[in-house]
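The values are calculated or read from the model by the stated rules, or taken from the named source; none is laboratory data. Remember, predicted model here, so these are calculated numbers, not experimental data. FYI the Cβ positions are ideal-geometry reconstructions off the backbone, even for glycines, and counts take in every protein chain you see. The area values use the complete protein model at the heavy-atom level, side chains included, leaving out ligands, DNA and RNA. Shrake-Rupley method; radii C 1.70, N 1.55, O 1.52, S 1.80 Å.
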Amino acid sequence: MKILVLIGNVPDTTTKIKFNADNTAIDASGVQWIINPWDELALTRAIELKEAHGAAIEKIVVANVGRSETEATLRKALAVGADEAIRIDADPLDALYVATQLAAVAADYDLILAGIENADYNGTAVGGMLAELLNRKSVSAVSGIDLEGDLLKISREIDGGAQQLSMSLPLLAVVQKGIAKEPRIPAMRGIMMARKKPLNVIAAADAEALTAFEYFELPPAKAACKMVEEDQAASLIRILHEEAKVL
Amino acid sequence: MSVLVYLENWDGKLKKLSYELASYGAQLAEKLQLPVKAVSLGKVDEATLKTLGKYGIPEVLSDTNEAYNTLDNSAIAKALFAAAQQTNASIVVMANNNLGKAVSPRLAVKMKAGLVSAVQGLPISTEPFVVKKMVFTGKAFAHINIKSAHKILTLAVNTFGLVEKNLDTTLTAFDAGLAASDFGTTVVSSNKVTGKVLLQDAEIVVSGGRGMKAADNWGLLEELADILGAATACSRPVSDEGWRPHAEHVGQTGKIIAPNLYFAFGISGAIQHLGGVSSSKVIVAVNKDPEAPIFQAADYGIVGDVFKVLPQFIEAVKELKA
Ligand SMILES: Cc1cc2nc3c(=O)[nH]c(=O)nc-3n(C[C@H](O)[C@H](O)[C@H](O)COP(=O)(O)OP(=O)(O)OC[C@H]3O[C@@H](n4cnc5c(N)ncnc54)[C@H](O)[C@@H]3O)c2cc1C
Ligand SMILES: Nc1ncnc2c1ncn2[C@@H]1O[C@H](COP(=O)(O)O)[C@@H](O)[C@H]1O
């Protein structure tokens with residue numbers, strides 16, 4: 001079986017977000033780019049499965065829709081343990097546009113792993129759209145995945161609980177927290193090997209974006225925190241009741 | 001053209017979330033001068049569906065096929081597509097919860113609709129159609145223009161209140177025309193959380209970080225949550241340590257929540273944590289370090305020991321409720 005892991009390229013989670021002068025785009029100066037945290041966990045789990053099930057998993061491929069700047073992120077995915085990378089050379093305009101690009105390369109893979117959301121625009125859409133474009137089953141909010149013969153044992157979170165599923169391939173799983181414990185960090189050997197692994201660049205397909213960012217704004221500044229003494233803690237409960245009216 | 005609201009049910013029941021969505025759909029339709037309808041998939045009794053009139057829904061299409069209970073993403077998307085066609089819907093509205101996140105992208109492809117998830121409030125403008133949402137996990141907001149004729153919005157949970165209209169609701173039997181083979185999800189087992197307030201629904205959340213020191217100390221947080229009717233949450237290291245279940249982890253890589261009141265006990269307030277909670281209306285922080293970044297995000301704070309403050313809070317809430 002072949003696994004495809006979708007890789008979003010996002011600002012490091014500690015980045016202080018700034019915008020350009022007319023607030024129409026992020027100011028990328030000084031931003032460190034990383035693998036989207038959920039995609040990093042998805043990749044980690046794919047590698048764990050390959051280690052555990054050996055021959056059943058032929059290869060793990062990672063794919064990104066982005067310009068050449070994202071190659072450092074894809075190289076990192078190769079260093080962590082992916083076998084090959086694909087970069088579709090296009091600006092990721094919106095979720096449908098990205099999913100349409102990915103659909104052109106994804107059909108061959110038995111298992112596709114997407115993250116629940118990209119830590120940039122939090123679209124929560126690419127995985128599900130890709131599944132629909134490929135006309136294949138999808139499971140979302142996946143917090144555990146294992147192979148059991150030809151079937152996949154999946155845990156997913158539902159609104160108000162959790163479920164265990166048994167699913168056949170082909171499948172697209174949209175994964176979240178819990179899928180792997182800690183992301184793998186590339187080792188020196190992995191970084192050396194990554195340089196020799198294939199990173200194929202593919203031209204973009206014709207596709208349309210249906211949404212566009214018009215304007216960005218930062219949240220309004222918070223008023224100063226009102227402090228209460230430790231031994232007066234009970235009075236804070238009264239303040240929450242009488243002043244803030246949230247109790 | 002019309003606005004269609006997808007109303008989920010939980011074992012045949014509706015939650016406050018459904019009424020919020022109904023209110024939102026009705027307000028949106030009024031703004032656009034379009035009719036509004038709702039669709040319900042799965043077995044919900046008629047009296048329950050009729051309560052939606054109170055929040056401005058004059059007609060509900062109801063398909064009572066029990067197979068929807070398997071929450072099969074592609075089957076639900078297919079059924080919603082059929083409902084959208086039948087009602088000539090130009091805009092579909094649903095919740096930004098696990099199911100809404102799973103189904104809305106599939107429906108967007110079918111409808112050739114522009115999708116924006118976790119929308120906050122009514123559109124900023126309708127011509128062009130621009131909505132606001134949180135981006136960079138709480139660090140900023142974006143205004144997004146949906147250019148397509150068809151649109152799908154998922155509404156950020158707990159951001160839109162209830163608006164009463166007191167209409168009568170007509171129920172229309174609806175058959176999305178799905179066959180057994182459309183349902184491809186095999187559920188082996190389910191464990192539903194019962195008798196506890198769910199994090200996503202909660203108006204008050206009591207959360208603990210590494211400053212709580214050990215799993216055993218959560219009894220105090222649970223007691224406070226219990227008497228407040230609140231849900232419990234935690235920071236990432238707490239769930240990584242296994243002190244609390246993953247489902248309670250809030251922040252950049254956990255859940256994003258927006259309760260009316262968020263209590264942070266022994267949480268430093270790392271930027272990744274704040275991403276998940278900064279939309280809370282009021283944040284209360286208790287931390288022994290006066291320099292902890294959580295005080296920058298909090299509305300009320302106590303520099304002190306959680307183990308001294310928690311018992312005082314519990315007593316004071318008991319008094320208040322008495
Ligand atoms: C990619 C990435 C994603 C991340 N995503 C998330 C996320 O989604 N959610 C998240 O929470 N974190 C996330 N983190 C981790 C985040 O950076 C912090 O490490 C984490 O939030 C810290 O958790 P904490 O506040 O519980 O622990 P600490 O930072 O260890 O803070 C404990 C606090 O408790 C206080 N304290 C100790 N004892 C007491 C006492 N007796 N009384 C009162 N106060 C006390 C201390 O002063 C301290 O401020 C992420 C990190 C990365 C790199
Ligand atoms: N430009 C991209 N290239 C490849 N995969 C992507 C891209 N953007 C998003 N994804 C995948 O889709 C998931 C959800 O992203 P989004 O819908 O943008 O929130 C991410 O976790 C990635 O797995």
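Within segment B:158-198, which residues are under 26 Å from residue B:278 (Cβ atoms), in contact with a strand residue (DSSP E or B) (Cβ under 8 Å, 6 or more places away or on another chain) and more than 10 Å from chain A (Cβ to nearest Cβ)?
B:197
Considering every residue within segment B:285-294, establish whether at least one is within 9 Å of ligand 1 (Cβ to nearest atom), open to solvent by 70 Å² or more (accessible area, probe 1.4 Å) and over 30 Å from residue B:134 (Cα atoms).
Yes, segment B:285-294 has at least one match.
Before we move on, is residue A:120 more than 10 Å from chain B (Cβ to nearest Cβ), open to solvent by 10 Å² or more (accessible area, probe 1.4 Å) and not hydroxyl-bearing (Ser, Thr, Tyr)?
Answer is no for this residue.
Do any strands (runs of 3 or more DSSP E) entirely within segment B:100-182 hold 2 or more residues that are crowded, with 16+ Cβ neighbours inside 10 Å, and if so, which?
Result: B:114-119, B:129-135, B:140-146, B:151-155.
Working only within segment B:80-108, note down all residues that are of a type in the set (Gly, Ala, Ser) and within 14 Å of chain A (Cβ to nearest Cβ).
Of the residues in segment B:80-108, the ones of a type in the set (Gly, Ala, Ser) are B:82-84, B:89-90, B:95, B:100, B:102, B:104, B:108.
Result: B:90, B:95, B:100, B:102, B:104, B:108.
Out of the residues in segment B:234-255 that are more than 8 Å from chain A (Cβ to nearest Cβ) and more than 9 Å from ligand 1 (Cβ to nearest atom), which is least open to solvent (accessible area, probe 1.4 Å)?
B:248
State whether one or more residues within segment A:185-202 are open to solvent by less than 50 Å² (accessible area, probe 1.4 Å) and within 30 Å of residue B:280 (Cα to Cα).
No: zero hits.
Taking segment A:233-247, which residues are closer than 12 Å to residue B:309 by Cβ and either within 7 Å of chain B (Cβ to nearest Cβ) or open to solvent by 100 Å² or more (accessible area, probe 1.4 Å) (or both)?
Selection gives A:233, A:234, A:236, A:237.
Restricting to segment A:27-55, give me the number of residues that are within 18 Å of the chain's Cα centre (by Cα) and part of a helix (DSSP H, G or I).
Residues that pass the stated criteria total 12.
In segment B:224-242, what residues are within 10 Å of residue B:208 (Cα to Cα) and in a loop (DSSP other than H, G, I, E, B)?
B:235 - this is the single residue of segment B:224-242 that is within 10 Å of residue B:208 (Cα to Cα) and in a loop (DSSP other than H, G, I, E, B).
Yes/no matrix, rows are residues, columns are (1) in contact with a Leu (Cβ under 8 Å, 6 or more places away or on another chain); (2) near ligand 2 (Cβ under 9 Å from one of its atoms):
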site: A:99; (1), (2): yes, yes
site: A:113; (1), (2): yes, yes
site: A:116; (1), (2): no, yes
site: A:131; (1), (2): yes, no
site: A:136; (1), (2): yes, no
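Only one of these is surrounded by 17 or more Cβ atoms within 10 Å (Cβ to Cβ) and part of a strand (DSSP E or B): B:40, B:23. Name it.
None of the others qualify; the one that does is B:40.
Exactly one of these conditions fails for residue A:144: (1) surrounded by fewer than 24 Cβ atoms within 10 Å (Cβ to Cβ); (2) within 7 Å of chain B (Cβ to nearest Cβ). Give me its number.
(2)
Out of the residues in segment B:256-271 that are in a loop (DSSP other than H, G, I, E, B) and touching a Pro at 6+ places or on another chain (Cβ under 9 Å), state the one that is least open to solvent (accessible area, probe 1.4 Å).
Filtering first and then ranking leaves B:269.
Could you please find all residues in segment A:116-134 being away from ligand 1 (no atom under 16 Å from the Cβ) and either of a type outside the set (D, E, K, R) or in contact with a strand residue (DSSP E or B) (Cβ under 6 Å, 6 or more places away or on another chain) (or both)?
Applying the first criterion (away from ligand 1 (no atom under 16 Å from the Cβ)) to segment A:116-134 yields A:121, A:123, A:125-134.
Selection gives A:121, A:123, A:125, A:126, A:127, A:128, A:129, A:130, A:131, A:133, A:134.
For segment A:95-144, how many residues meet the condition of being within 13 Å of the chain's Cα centre (by Cα) and of a type in the set (S, T, N, Q)?
Residues that pass the stated criteria total 4.
Can you say whether residue B:297 is facing chain A (nearest Cβ under 10 Å), among the small types (Gly, Ala, Ser), out of contact with any Leu (no Cβ under 6 Å at 6 or more places or on another chain) and more than 11 Å from ligand 1 (Cβ to nearest atom), as far as the supplied structure shows?
Judged against the criteria, residue B:297 is not a match.
Output the strands (runs of 3 or more DSSP E) that fall wholly within segment A:158-247 and possess 1 or more residues being within 16 Å of ligand 2 (Cβ to nearest atom), or say none.
Numbers: elements: A:161-168, A:171-175, A:199-203, A:211-217, A:226-228.
Fully inside segment A:158-247 and qualifying: A:171-175, A:199-203, A:211-217.
Restricting to segment A:198-232, name every residue that is within 7 Å of chain B (Cβ to nearest Cβ) and more than 30 Å from residue B:153 (Cβ to Cβ).
A:225, A:226, A:227, A:228, A:230
Are any residues in segment B:300-322 within 8 Å of chain A (Cβ to nearest Cβ) and in contact (Cβ under 8 Å) with a residue 40 or more places away in the chain, and if so, which ones?
B:309, B:313, B:317
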